[in-house]
Amino acid sequence: MPFKKSIYAALIVLALLVFVVTPGLLGTVAKHYIERAVYLNNLNTAVTIELRDYEKSWFESHFILDIYTQDEFEEELVKVGSFPATLKHGPVTVINNQPGIGAFYLYSDSFESVNLTTPYIGYARAGFLGQVELNINIDLQSLNQSQNTPKSTTGLELSPLILSIDSDFEFERINYQILWPGFQDKNRTDTAQVENVLLTGHVERIDDLHWQGKSNASIKRLTFPANDFILNDLNLTLENFVTIDESSYRTLILAHTNAKLIKSLWNDWQQPELDVEIHNADLQAFSNLYDLAERAYLEFDSPFDEYAQLEYMAALQTSLPALFSDNATIKLKHFTFTDAQSNTEKEITGEIQFPDLPDYMDEHLISLIAKTNGTLKRKTSNGTNTIEIKNGKVTIDNRPLDFSILN
């Protein structure tokens, strides 16, 4: 009997050690990984994060993440806002009243930007088996109402944006999912509508500066009545595989997309499908395209305003040439669709070769076009046409190209 009592006493002491001693140690570990995540973000994205006011106690810590982007001339950092966060550390964490085994629990519920406060709920939990889980739910409806929207838009209903990420402690493998059910305006039928936007994927870190992975995106419905644009049941898969050697960083990009309908002022395509490979693309330029999307979201009041559009055009004029200007090749395995106006099935295949431009010219679009060559085939029920690209000049069956190529 005394022996059993000693075992019970030992277990009680062990439990006390686990629940009392380990929180402080886990708080130190958690701070290290938060600093590591900030460091990797600042190396690989257009958004700069600063960790400040870190106050660590035994059972919880408090800190602020400041978010910055570069100004339009990329000369200095401009503050976008701040995330105040609370970090609770211990062997058991409770999320939404549900207990679970975890090393620490991060909670934040507001993004204090320069102009407004964005309501959201964000939490992260790390388990002892090396997994980190992050979930963010952004209340876009409250954000829309907080911006003094006019009465004419009070019927606008914005669904929450839900972000989920899981990773290992060293952030070498990251899985992510972004879900947005979309929005609708109950008072109007002539406004843009978005339905069921889903982005999933995973990335693997090769080193601190280079990543490769696969992304899948889908959109159930996207309409812009003012521009007579309709997109139904779009699916997109994008993969990139990185090759690193002593002289260059290159990536192989594989893209596949299909949709039920793409209709605009210029075309009405049913069942379009695209399968393309981009070989020997410049990895840094590929990353810059992601940076462009981040800047557009953080720097502009709307991603569709005139200043954002000017930024898109300026960035694409430099990023696209840099992406292809080192002997890159586009292999168009097939692009098929049915032209609804003529009820004709069409297919385009072929290959386009880009030049090896000197470094001082690799961001000049005109220089890239002037040295580009390739051959494409367009097949229809009426026969086959040959599209030739010679030093930037395009002909179809030895005649000057016109806009009928896709019609």
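Annotations
- Efficiency of FRET between Lys263 and His32 - r from beta-carbon atoms, R0 35 angstrom, step 0.05: 0.10
- If you plug the beta carbon distance of Leu365 and Ser164 into 1/(1 + (r/R0)^6) with R0 = 35 Å, you get a FRET efficiency near 0.40.
- Karplus 3J(HN,Hα) series, Hz, for region 249-257 with 6.51 cos²θ - 1.76 cosθ + 1.60 (x for Gly, Pro): 10, 10, 9, 9, 10, 10, 10, 9, 9
- Length gained on full extension, Leu310 to Lys79, computed as 0.36 nm times the residue gap minus the Cα-Cα distance: 81.0 nm.
- For Ile206, nonlocal amide neighbours, meaning residues 5 or more places apart or on other chains whose placed amide H falls under 5 Å from its own, are Trp211, Gln212.
- Annotation: amide H of Gly392 within the under-5 Å range of Thr372, sequence separation 5 or more or interchain, hydrogens built in the peptide plane.
- At R0 = 35 Å, FRET efficiency that the Cβ-Cβ distance of Thr318 and Thr384 yields, to 0.05: 0.45
- Taking the centroid of alpha carbons for each part, region 48-62 and region 156-227 are 29 Å apart.
- Placed amide H near Arg221: partners under 5 Å, 5+ positions off or other chain: Glu195, Asp233
- Between Asp397 and Leu199, the modelled label-to-label distance comes to 4.2 nm, taking each label 7 Å out from Cα in the direction of the beta carbon.
- Prolate/oblate/rounded call for region 200-249, Cα gyration tensor, a/c under 1.5 rounded: prolate
- 3J(HN,Hα) along region 32-42: 4, 6, 5, 4, 5, 5, 5, 4, 5, 4, 5 Hz, from the Karplus curve 6.51 cos²θ - 1.76 cosθ + 1.60 with θ = phi - 60°, whole Hz, x for Gly and Pro.
- Convex hull volume of region 320-381 per residue (C-alpha atoms, cubic angstrom): 94 Å³
- Taking label points 7 Å from Cα along the Cα-to-Cβ direction, Thr329 and His62 give a separation of 6.0 nm.
- Potential extension, Asp233-Asn41 segment - 0.36 nm per residue separation minus Cα distance: 65.9 nm
Bear in mind that the values in this text are calculations on the coordinates, not laboratory data. Here the structure is a predicted model, which is why all the values come from computation and not from measurement. Ideal geometry is used to build each Cβ from the backbone, glycine not excepted, and the neighbour counts take in all protein chains shown.
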